[in-house]
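Down below is the structure, laid out as structure tokens.
The values are calculated or read from the model by the stated rules, or taken from the named source; none is laboratory data. Every value quoted in this text rests on a predicted model; they were computed, and no experiment measured them. Note: ideal-geometry Cβ built from the backbone for every residue, glycine included; neighbour counts use all protein chains shown.
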Amino acid sequence: MNGFIKKINGRSITALALAFSLGLSMFVTSCKNKDDKKVKPADYGSYGSDFARQLAKDFPDRKPYSEGEKAAGEVIRQEMVKLKYEPEVQTFTTKNGTSANYVVKIPGTGFYDLNDGGEVKMKHRIAVIGAHYDNLPPADKKTGKANAKTNSKADGTAETTEIEYSYDGINDNASGTACLLTAMKAFSEYPAFSYDVYFVAFGAGNDDYAGAREFYNSLTSEEKLKIDVMYCAESLYAGDKVYASSGFKSLNSETRYKMRRKLYQAYDVCFANTLYTNYGFDLYYNESGVKTDLNGDGTEDIYNEVSANKSDYIVFDEAGIPIVFFDSYEYNFTKMEDMKETKNLNLQNYGGIIRRTNDDSALFLDSMLVEPDYDRNGDGEIDCSGDRLQIRINAIAFIIVESLLKGSDYGLTKAQYDEYLAQKAKEEALASVNSETTQATLPSTRKTTAETSESSEETTTESTAATTTKAPTKKPTKKPTKKPTKKPTSKAKKKT
């Protein structure tokens, strides 16, 4: 297969897939430029952020196996149906209770693969996109008070409103669930994908990733072997930066690139589609450089491109499947124990930690993090959203879906295969022209050779005749030189 891929004139598959993905990018960010008639990436509006806030508001207590989790799951199922999918409800029971996964499997067109016999066959590969929808309210769940941001009144005075808030899990993990649904919504707007794509809303994620384990164990052996990557989203709102990380299996130096290639493709999508230029979204990777034993093997690792936070991706990472994990955090520290989600001075009630604390509240976080919409291009028109939750959900959903266009290590997408065929046809046409040119010059070369031989023969014959007709006046003291018995030959040099 690798040889098949390398035949595309030395150009990387990533580059080819990128060109294809740019051609399919048909979405606009929340920042619009009225002078720019081109469609820009990731304009999914407020769909995802609205869903996240509503889910958190209606079901603030979504503990694994609780009635709140069950009700939230049903809402997610209904939403998938609204998006014109038919989810499978995968109910499972553990020693702690009963929960459910909501699964949508969308078959792809497959990848073109060259088998050992030299035949091109279709091969199917799988990409899994998942997020857990349950939460884990703090034991000391309580109501907090905070000052909303100061608003200017019409008379020029300032007004500050105090709000009461309580935990609802908007960050962990209503935000990730909304990102999953936003990706599903965006997915339907594209032409057919090569990948078979499995979207999964996991139940009981806070019980040792029980939903993810149940889903993975439900797959056939063949399906497990076909999984190229698992994308996971969690806690996208409160952290200072959005990170993409690989799994702990990628710490093995021998398989590092293989396990991180999908991670690098996600960065490619972000940068190629100018998400930062369009609306200020950037994707970071953990480059703290702290040395510590991250995977418990007794060897110090460089804390780089892996996350401090575990989520449903752990199940797939343990199985040796490449993962890409999106979450928000802050890694700009020199000690592991100092790392936290945010340095924002307004979010330090729990030392900068938001997950599983009372500050994981839509009312509280919105009051601190949502900015007014603003004029991004300076044309006097309000054209860019200041809603961090909306921007992050949309951008990450876009990156996940577009990353699927990057293709597989085990075959070519249709666009890549078409490029391969076009290149092959070009090479064959060039070879045919060269062959015809060579054939056209060969008769001329043979004629020159024959003429040269005939000329040589005539010269030799004339010389011999002259020698035999002239009578010698004196008996020669030496025997005359014998007439050549063979015609001289000359070889034509092959034209190069």
Quick one: would you say Glu305 is in contact with a strand residue (DSSP E or B) (Cβ under 6 Å, 6 or more places away or on another chain) and on the phi > 0 side of the Ramachandran plot? yes
Of the conditions (1) part of a helix (DSSP H, G or I); (2) closer than 23 Å to Asp172 by Cβ, Val81 clears all except one; give me its number. (2)
Filter the range 356-406 down to the residues that are outside any helix (DSSP H, G or I) and surrounded by 24 or more Cβ atoms within 10 Å (Cβ to Cβ) and list them by number. Asp359, Asp360, Ser361, Ser385
Of all residues being outside any helix (DSSP H, G or I) and hydrophobic (A, V, I, L, M, F, W, C) in the range 20-70, which is modelled with the highest pLDDT? Just the residue, please. Phe59
What are the residues in the range 88-119 that are in contact with a strand residue (DSSP E or B) (Cβ under 6 Å, 6 or more places away or on another chain) and without any contact (Cβ under 8 Å) to a residue 40 or more places away in the chain, if any? Glu88, Val89, Thr91, Asn115
Output the strands (runs of 3 or more DSSP E) that fall wholly within the range 87-129 and possess 1 or more residues being under 25 Å from Leu180 (Cα atoms), or say none. 88-94, 97-106, 111-114
Extreme residue, surrounded by the fewest Cβ atoms within 10 Å (Cβ to Cβ), among residues of the range 213-234 that are among the hydrophobic types (A, V, I, L, M, F, W, C) and over 16 Å from Gly203 (Cα atoms): Leu225
